[in-house]
Amino acid sequence: MQLRLNPCSSSSAATSPSTFHNGTPYFCKKFNFLPFRTQPLNWVSGIYSRIQPRKHFEVFSSNGFPLNAVSVQDEQVPLTELESGDTTVSITVIGASGDLAKKKIFPALFALFYEDCLPENFVVFGYSRTKLSDEELRNMISTTLTCRIDKRENCDAKMEHFLERCFYHSGQYNSEDDFAELDYKLKEKEGCRVSNRLFYLSIPPNIFVDVVRCASLKASSTSGWTRVIVEKPFGRDLESSSELTRCLKKYLTEEQIFRIDHYLGKELVENLSVLRFSNLVFEPLWSRNYIRNVQFIFSEDFGTEGRGGYFDNYGIIRDIMQNHLLQILALFAMETPVSLDAEDIRNEKVKVLRSMRPLQLEDVVLGQYKGHSKGAKSYPAYTDDPTVPNGSITPTFSAAALFIDNARWDGVPFLMKAGKALHTKRAEIRVQFRHVPGNLYKRNFGTDMDKATNELVLRLQPDEAIYLKINNKVPGLGMRLDRSDLNLLYKAKYRGEIPDAYERLLLDAIEGERRLFIRSDELDAAWALFTPLLKELEEKKIAPELYPYGSRGPVGAHYLAAKHNVRWGDLSGDD
C-alpha cells in the first residue's frame, strides 16, 4: 500500500488519543452522506433520542440518568466541546456472512436506524472471509430487514437509506494487512471527523484473539473510542475463560470489552429491578422470610436441527444455565445497589455469585431427548442429528438446585431448568411465596396447600407478561375459593412492539453504557460455580436420562424438585 499523507489539521480532531495507535498515515477527505431526513433531529450523548421529542421530557440513557455528554476514549466531554457533526460511529460486524449477523445484528441496527437512535454520521461494515461486494452484502441482509416497528410508513425508503450506509470488506481473521485495508476504507467514510469504532465479534471463540489483535493494532480509532462486543461462549470452564480474558487484555482494556448476553437485554429482565426496587409492595418480601423458592425456567420446543456440531461441544449447562439463567439469578438476588451506575450494579451481582455454593452432583439432573412418534409424525432423537457424534452423552436438558449462603437467601432453593425438544417454548422466572401461617381457609384448599401459595411470574418469552397468582372467593352464597391472576400482559397494555434484545444492547454499547454487559470478575465467579461440576460430569462420563421429544423432560427433574419440597410452577397446567 502506498504511503498516504493526512492533510487534516490537528484542530480537526481535538480529543484525547486512543489507547491503540496503528500509526498508518492516510488521505483524509470529506465523505458526504446521502440526505435522508426531512427534519433535523436532536443530538444527545452521541445518539439520537430514543423517543420522539416532547415538551417537558428529558432523554435518559438505559441507566436512568439524563444524557448530557459524549464519551471519547471513555472520558466524559461536554457537548459544547464536541459538536455532533465532528464525530462519526463506524460499526464493523466481524463474521458478517454468518447466521447471527444476518438474523439478529443487521436487523437490530436497521431497527435502531429506523427509530433515529443511531448518530447522524454512521457507517456499517461487514467483514468476513467470504468474497462479497458491497451490493452483494446489501442484497444478503436486505432479505432479513423488516419494517416490524409499528408497521409504519416510509419503510422502503428508510431501508434504502440504511443499506446505502452498509459496506463490505473481505479478509482473513488473522491478517493484519487485511485489517489495515479495512482501516483505510473506514477512514475514507469517516473523513476528518473524530472516529468512534465498534467491532462486533460474531465469530467462533477460537478466533476472538486473532481478530482483536489485528483490529487493535491496525484498525482501532486514533481519535475517538474503540469498543469490542464479544459473543458467548466465553470459554468452556474457568481456566479457558480466564485465559481468553488474559489474551484479550493484551490488546484491550476492560472498559473496551463488552461481553454480551442477549438475555440481559430482554424487556422483562430490564423490568426485574424496576419491579423490585420501585414498588414498595415487593421489596420487603424479597427475602427468605417470605419467599419459599425461586425458579428460572428455559424451554425450547425444538431440537438442535443441524446445530448439533456446535451444541455437542458445549451442552445445555454451558449454553444456557451458566450464562443466561445465572445472570438473571444474580440480578434477581442482588442487594440494592448504591446507584444505577453500571459498576454499582455489577458489584452487587458479583457479591451474589461469590456467595453461592458450588454445584454438587446430587443437586443436578441431566437429560437427552430421544426419538418419539406422535400420530403420523415422527420426531428425531438428539443422536439422529447428522452433526452429532455417535453415542454422544451431551445433555440437552438439565435441572439444578442452587443456594446462596447469605443473610437474605439462606436456605432458599433457586431451581434452574433448561432443555431442548420439550413440550413448549418459554422462558420465565417464578417466585413462590411461603404459605400463610395459620391460614383461616386451610380447609377450603384440602391437602394441597400449594394451591394456596401466592406466586409471582415474569414471563420473558413468548408474550411478555408479569402476573401475580392470588386466592379469591368465587361469587355465590357458598365459600368456594379460586386462584386468579393479577395480570400485566404487555401486548394488551402497550401498543408498541417491544424492541429486540440486540437493539438495546447495541445501543448501550454505542453509548458506552456497560450495565447489561458482563465484567471479567463476574465471569470468573460464574465459571467458578459450574467448573467443578462440569469436570466431574466429564470425568465420570455420566449418561443423561432419556426423555421423549416433545415431553416435559426427564422424571428425575421432578424428584429433584421434590427433594427440596418444591413443585415446578410450569407444570401446574393453569398458565
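The values are calculated or read from the model by the stated rules, or taken from the named source; none is laboratory data. The model shown is predicted, which means the values in this text are computed figures rather than measured ones. All Cβ positions, glycine included, derive from the backbone under ideal geometry; neighbour counts span all protein chains shown. Heads up: the accessible areas ignore ligands, DNA and RNA and are worked out on the full protein's heavy atoms, side chains in. Shrake-Rupley method; radii C 1.70, N 1.55, O 1.52, S 1.80 Å.
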Portion, in percent, of the accessible area of region 452-575 that falls on carbon or sulfur, probe 1.4 Å: 53 percent
Return the sequence-ordered ³J(HN,Hα) values of region 389-396 in whole Hz as given by the Karplus equation 6.51 cos²θ - 1.76 cosθ + 1.60 applied to θ = phi - 60°, using x for Gly and Pro. x, 4, x, 4, 10, 5, x, 9
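Calculate, for region 519-564, the solvent-accessible area per residue in square angstrom, rolling a 1.4 angstrom probe over the heavy atoms of the protein chains.
Per residue, region 519-564 has 46 Å² of solvent-accessible surface.
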Residues whose placed amide H lies under 5 Å from that of Phe122, excluding near-sequence neighbours: Val89
Enumerate the amide H contacts of Gly303 below 5 Å, restricted to partners 5 or more residues apart or on another chain; note that Pro and chain-start residues carry no placed amide H. Ala421
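Could you do me a favour and compute the accessible area per residue for region 86-153, 1.4 Å probe, result in Å²?
Here the per-residue accessible area is 38 Å².
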For region 186-269, what class follows from the C-alpha gyration tensor (a ≥ b ≥ c being the square roots of its eigenvalues): rounded when a/c is under 1.5, otherwise prolate if a/b is larger than b/c, else oblate? oblate
For Tyr369, enumerate residues with amide H under 5 Å from its amide H, sequence gap 5+ or separate chain, H modeled in the peptide plane. Tyr382, Thr396, Tyr547
Please give the peptides 137-145, 189-197, 384-392 ranked by average Cβ packing (other Cβ atoms within 10 Å per residue), highest first, as a rough proxy for protection. 189-197, 137-145, 384-392
For region 266-275, take each phi angle, set θ = phi - 60°, evaluate the Karplus expression 6.51 cos²θ - 1.76 cosθ + 1.60, and give the result in whole Hz per residue in order, putting x for glycine and proline. 6, 4, 6, 5, 4, 6, 4, 6, 5, 4
Determine the relative contact order of region 101-175: mean sequence separation of Cα pairs under 8 Å and six or more apart, normalised by residue count, in whole percent. 49 percent
Sort region 409-568 into rounded, prolate or oblate with this rule: let a ≥ b ≥ c be the square roots of the eigenvalues of the Cα gyration tensor; rounded if a/c is under 1.5, and if a/c is not under 1.5, prolate when a/b is larger than b/c, oblate otherwise. oblate
Could you go through region 226-236 in sequence order and give the Karplus-derived ³J(HN,Hα) for each residue, using 6.51 cos²θ - 1.76 cosθ + 1.60 with θ = phi - 60°, rounded to whole Hz, and x for Gly and Pro? 10, 10, 10, 8, 10, 7, 5, x, 9, x, 10
Over region 343-399, what is the relative contact order in whole percent, taking alpha-carbon pairs under 8 Å and six or more residues apart? 33 percent
